[in-house]
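Report on the following structure.
The values are calculated or read from the model by the stated rules, or taken from the named source; none is laboratory data. Since this is a predicted model, take the numbers as computed values, not measurements. All Cβ positions, even for glycine, are placed from backbone atoms using ideal geometry, and neighbour counts span all protein chains on display. Heads up: the accessible areas ignore ligands, DNA and RNA and are worked out on the full protein's heavy atoms, side chains in. Shrake-Rupley method; radii C 1.70, N 1.55, O 1.52, S 1.80 Å.
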Amino acid sequence: MNKITVVGAGHVGATTAQRIAERELANRVVLVDILEGVPQGKALDQWESAPVEGFDTVVTGAQDYESTTGSGIYVVTAGLARKPGMSRDDLVLKNAKIIESVAREIAIHSPDAIIVMVTNPLDVMAWVAMQTTGFPRERVIGMAGVLDTARFRSFIALELGVSVEDVQALVLGGHGDSMVPLVSTVSVGGIPLTQMLAADRIEELVERTRKGGGEIVKLLGTGSAFYAPSAAAVQMVESIVRDKKRILPAAAWLEGEFGLEGMFLGVPCKLGRSGLEGIIEVDLTDAEQAALEASASEVRKTMEVLGG
Ligand code: APR
């Protein structure tokens, strides 16, 4: 791919740009932020690492979108973090304004681009971006499932003392407390996890995964996770750029899949050159279906804050 833009040069955005460059997923990466000098400074610093790391992807920074023209993908990480005294709804309203302004620029400069939404609450921000750009659902996808799944897989691997590569899992639903890990689908080297670990211990790992973001926030004191979130976003970007057609859990606009419609929700997606190339419907147990519906209604409630 010729050019990929990362909007927001904060922790998640800058790390995403670095990972994309180091993997040479594009000839050029543009880092955009409203802060004066920050995207330029981080981009230059990254480019100066190129001779050592051995990549030829040129990284540049900008405050406006002119140099992003013709980007194939925009990874959107721009936004505000919740500050003391700011309600959750306040944050949604403020980030929605930011995403609207970012999405308008994307539609003007790169009308054929694919958007990977990372800004939280991502299921709702993806909807804002889709509405503002008028892009079809194939070209607006939210990042969360890969991150939640990676956290779950990393905990399982640590618990069993096995390679993370051999742990496969699927986490559906919204990002955070309402996510729906499909425990029956978890396998370790092809062996069902339920044959390797007691049910109550699995439940503890599920709970830790649910609260994975909060665990990092607590440890850091200020700020939130960015290594795993950026890795997750880049895995989605890679599947699109290299047309790998990987099946990854991601937030997609539902039109009747899983009996749900009219919201973004984490489901198994096929990601390739055209973006969202398919949604794979899995047979769910009654409890899993109920949990997915509860997750969907959480997303809907947040959409209502924005008049949706
Ligand atoms: N256009 C471009 N960048 C913007 C805009 C805007 N309109 N508004 C804010 N930003 C920038 C900020 O200047 C800041 O540099 O977005 C960046 C956000 O970076 P951080 O505060 O470091 O936040 P980060 O940890 O990177 O998280 C970004 O990703 O995982 C999610 O929940 C997380 O929504 C958050 C997002």
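Counting only DSSP beta bridges with both residues in the chain, what percent are antiparallel, rounded to the nearest 5? Numbers along the way, then the final one.
Working: 21 of 42 bridges.
Restricted to the chain, the bridges split so that about 50 percent are antiparallel.
Please report the projected area of segment 145-305's Cα convex hull averaged over all directions, in nm². Mind showing how you got there, number by number?
On the way: hull surface 40.9 nm².
Averaging across all directions leaves 10.2 nm² for the Cα convex hull.
Taking amide H atoms as placed 1.01 Å from N in the peptide plane, the amide H of Ser110 lies under 5 Å from those of Gly70, each 5 or more residues away in sequence or on another chain.
Using only the Cα atoms, work out Rg/Rh for segment 3-142, with Rh taken as the Kirkwood radius, to two decimals. All intermediate terms of the calculation are to be shown ahead of the outcome.
Numbers: Rg = 14.6 Å, Rh = 15.0 Å.
When Rh is taken as the Kirkwood radius, the ratio is 0.98.
What is the projected area of the convex hull of the Cα atoms of segment 249-298, averaged over all directions, in nm²?
On the way: hull surface 13.1 nm².
The directionally averaged projection comes out at 3.3 nm².
Here, P(r) means the percent of Cα pairs in each 20 Å bin from 0 to the largest distance; for the chain it is 34, 59, 7.
In this structure, the residue pairs whose Cα-Cα separation is over 19 Å, taken from Lys3/Lys94; Lys42/Lys97; Lys94/Lys301, are Lys3/Lys94; Lys42/Lys97. Across segment 41-92 the C-alpha pair distances fall into 5 Å bins from zero in the proportions 4, 14, 16, 17, 15, 13, 10, 7, 4, 0 percent.
Once fully extended, how much extra length lies between Ala290 and Glu304, figured as 0.36 nm per residue of separation less the alpha-carbon to alpha-carbon distance?
Full extension from Ala290 to Glu304 adds 2.9 nm.
Once the chain from Asn27 to Asp56 is taken as fully extended at 0.36 nm per residue, the excess over their C-alpha distance is 9.7 nm.
Full extension of the segment from Leu160 to Lys245, taken as 0.36 nm per residue of separation minus the current Cα-Cα distance, would add 27.6 nm. Spread over its residues, the convex hull of the C-alpha atoms of segment 85-154 is 96 Å³ per residue. Heavy-atom accessible surface of Asp56, to the nearest 10 Å², is about 120 Å², with a 1.4 Å probe and all protein chains retained. In this rough spin-label picture, where each label sits 7 Å from Cα along the Cβ direction, the Asp112-Glu281 distance is 3.2 nm.
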